[in-house]
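In what follows, a single structure is set out as structure tokens and then discussed.
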Amino acid sequence: MDNTLYFDFLKKSEQLEIDFKCVYVHDADCSDVGKFFAALEVAIKSSEVYPDGLVILFTANQLDSIRQFWNKEIERRNFLERLERNNISYAKSIYFVEIHPSQIKINKELSSFTSPIIINNEELLKLYSAGLLKLVFKNNVLHKAPSGHTFKHPSAKRSKLFIQARELASNESEIQFIGRGLCLLNPKADLKNVETIYIDSMGIYPFVKEAVIFSESKANIESFHSYSSISDLSPQSESSLVIISASTSGNMARYFAQNGFSSDQIITIVDTEKRDSLSKVFVDLNLKEDNGIEGDETDIEINGEHFSYKAKPPKEITIGVGHKPSDLHSILKVFGLDGINPINDKVDAINKSPVLSLSPEPLNCKDFDAWLSDEVKWSIPSSINTIIYSDDGASSTLASKVKTLIDKTRGSSNESIILKADDLIDNSCLENSTGILVVSAFAGDGGSLRQISRDLREFEYETIPRHFLIGVGIPQSMESWKRLTQFLVRNATRRLYGFSFWKVLPLGPDSLANSWTKITALASKSQMLSFDNSIGLGEGKFNQSLDAVNSSVELSNNELLPATGGSRLQITSGFVFFGKAIEDEHIEAVPQSTVFLTISAVLQTAREHSKAENCLSPSNYQSVVLSPENFLRFNDDVLQACLLRAALASELDYSSDNSLSEIMKELISKMFQRHQYSYGHAALEFAAALAIKKLKLKSKHTDQLIEEVINSANEFHPAIVGFMVLLKKV
């Protein structure tokens, strides 16, 4: 169901924010009842919390199929159960919305409401616009010029913004959704009377063609490509229409207006603002552009919807003390030696195996207790008499500790009660609550906290004070942590709920787990690889090398690949990011998970660094890679291995620059040659990163490495040879 288009629509009603999950059902999904409900389920699964309502949009001519599917009792009941928890239905309204060539309306026959109607036909175009805006940001339609650069548009205007309207859709559902929307926007009510549609770019042809087909129009679509062609076009009264792909200034619409076209004959698909006097804007970004152009920037010239500039070499980033996360020292001081679970360790309480997770025991420390005591005294509202904790195996202890502090502060031992989040099943749980404290020892991107917040909203009799208290946050990014904060603190009043945490340490995207799963998958494929004489190895050596790969990988489910001698990779003293958080006398006790957490956090800080020259994030015009210097600066084998595992594939892609690729090839070659010595103990990690194509060199340098290893196979460890065989054959 990769084609399913879904989006959120937020409506304010009587000081409440009511969230709807909207799903567009592609015509192809109306061919089968299974496909129809699967599309709806994909949309619901995407929600972090249960929506207040569901909006199902579909093409009007599919109504009979939709009616038939929805009337199937078993399938409908099974789907509706996905909107329930503990027999409580969270989605109070389900709307079926028909899309006609000239209008969009609610189908009252199929729609159902367990609360007053809160969406009407007049609001459907606003809802539709929310879906279009979702596509803008989902498909990266809006581009901002990198520091020191500006876009030079065909109109000769220089701007910091460029809009690629052709990227608005990435699949058939999205093309269909856009095409139908163009019909709804057309000021002529439908396209049947239009004979010619002029477009400025073939990139938007699929959208316009879809609109023409949907409206049963016979209009001819012509592309004029440039400003110089506008004067050659004829308005032809009511029979012609102009569709402009995108605009940041309205200049092209202005040119058409000066050549006889009325604003009713001009549509701009994506614009930074409405320009009613010039054209009808399909997607209004509502942006007031602040160019900030100083005059000495480098121009990125735009030709149609393409960039015409010389490709830049990748930006190299060398990791240093400026990339140290602010809370890293405190986390390492408390958890560094025995508080970070082994890599990929299963946490029974949540029945998951995250790459990195924290153990709750070290949280019982003086530093945290001092912060917690102050937080209870200074930040927790006196009205709070109910404490709710997430059932994750760690938060119950914290909830008890907080209750003790609250009761001690108030001089009462019976006033506050503790509830497990799973026990929130109806309104009676909160009937005596005057204020609620939600407690979580650890939080990632906050899925469980969001659900608790959603449950409280369902079961509270009225909006009462609420406070969220978190021990340590370990989100994917600081941006996702900010989004969590915004979600939790908002409510129906002008006041915000409380939110406090001791420390937060972003650890990078969930895709870090791929470094283990891909290597394991590669090892599995090696078992099915047949001997190939063309590789240049004898059959015995061939089988020995692949067996060595599997033996090494079997040892690394919960850790890094070992040195070729079989020893575990180990940190030594002097690691700049440990500082005094971990003393040298304890360095041998530091687990690999602590080193990996540190490197992951440092790289994520680099990705979000505020200074462009230190930021490990690419622009649309220049890639960014970890400088080979990093593998010389951090020369402990375990540090090199953790850099390879924690980096994104794009950050290890040296294939676009000959110089960088050659440097990395020489570095890896020396690693392989000296695999028996401490300098080369991370050789298997480098070989594996190449084999799963996470680390990329230019093809000629990759071939040179493979040839060097296979031609002198007896000089290299069999596992290194095996990884090179897999790199060549898989």
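Of note:
- Pairs meeting the criteria (first residue in the range 162-175 and touching a residue at least 24 places away in the same chain (Cβ under 8 Å) and β-branched (Val, Ile, Thr), second residue open to solvent by 30 Å² or more (accessible area, probe 1.4 Å) and part of a helix (DSSP H, G or I), beta carbons under 7 Å, at least 6 apart or on different chains) are Ile175/Pro206; Ile175/Glu210.
Residue-wise test of (1) open to solvent by 50 Å² or more (accessible area, probe 1.4 Å); (2) assigned to a loop (DSSP other than H, G, I, E, B).
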| residue | (1), (2) |
| --- | --- |
| Gln570 | yes, yes |
| Phe577 | no, yes |
| Ile582 | no, yes |
| His586 | yes, no |
| Ser593 | no, no |
| Ala601 | no, no |
| Gln604 | no, no |
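- Which listed residue is assigned to a helix (DSSP H, G or I) and in contact (Cβ under 8 Å) with a residue 40 or more places away in the chain, from Trp502, Trp516, Trp481: Trp516
- Inter-residue pairs, beta-carbon under 9 Å, first closer than 11 Å to Gln527 by Cβ and in the range 541-552, second surrounded by fewer than 18 Cβ atoms within 10 Å (Cβ to Cβ), 6+ apart: Asn543/Phe531; Leu546/Gln527; Leu546/Leu529; Asn550/Ser524; Asn550/Gln527
- Within the range 493-522, the set of residues being among the aliphatic types (A, V, I, L, M) and surrounded by 15 or more Cβ atoms within 10 Å (Cβ to Cβ) comprises Val504, Leu505, Leu507, Leu512, Ala513, Ile519, Leu522.
- Residue that is surrounded by the fewest Cβ atoms within 10 Å (Cβ to Cβ), among those in the range 81-96 that are more than 20 Å from Phe9 (Cβ to Cβ) and not β-branched (Val, Ile, Thr): Asn87
- Residue match in the range 637-646 (condition: at pLDDT below 95, open to solvent by 10 Å² or more (accessible area, probe 1.4 Å) and not β-branched (Val, Ile, Thr)): no
- The residues of the range 532-568 that are loosely packed, with under 13 Cβ neighbours inside 10 Å and in a loop (DSSP other than H, G, I, E, B), listed by number, are Gly538, Gly565, Gly566, Ser567.
- Here the range 690-706 is the region considered, the condition is being open to solvent by 10 Å² or more (accessible area, probe 1.4 Å) and in contact (Cβ under 8 Å) with a residue 60 or more places away in the chain, and the residue that is farthest from Leu561 (Cα to Cα) is Lys694.
- Note on the range 317-336: residues that are under 22 Å from Trp502 (Cβ atoms) and in a loop (DSSP other than H, G, I, E, B) amount to 5.
- Pair list, Cβ under 8 Å, 6 or more apart: the range 650-665 residue of a type in the set (Phe, Trp, Tyr) and modelled with pLDDT of 90 or more, other residue open to solvent by less than 60 Å² (accessible area, probe 1.4 Å) and part of a helix (DSSP H, G or I): Tyr654/Leu660; Tyr654/Ser661; Tyr654/Met664
- The one condition from (1) closer than 21 Å to Gln176 by Cα; (2) open to solvent by less than 50 Å² (accessible area, probe 1.4 Å); (3) touching a Pro at 6+ places or on another chain (Cβ under 9 Å) that Phe36 does not meet is (3).
Table: residues versus (1) touching a residue at least 60 places away in the same chain (Cβ under 8 Å); (2) in a loop (DSSP other than H, G, I, E, B).
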residue	(1), (2)
Lys401	no, no
Ile418	no, no
Asp422	no, no
Asn432	no, yes
Leu437	no, no
Ile452	yes, no
Gly471	yes, no
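- Leading residue by the ranking (nearest to Lys21 (Cα to Cα)) among those in the range 46-75 that are open to solvent by 50 Å² or more (accessible area, probe 1.4 Å) and in contact (Cβ under 8 Å) with a residue 12 or more places away in the chain: Glu48
The values are calculated or read from the model by the stated rules, or taken from the named source; none is laboratory data. Since we're looking at a predicted model, the values are computed, not measured. For neighbour counting, all protein chains shown are included, and Cβ atoms are generated from backbone atoms with ideal geometry for every residue, glycine included. Quick note on the areas: whole protein, heavy atoms, side chains included, nothing else; ligands and nucleic acids left out. Shrake-Rupley method; radii C 1.70, N 1.55, O 1.52, S 1.80 Å.
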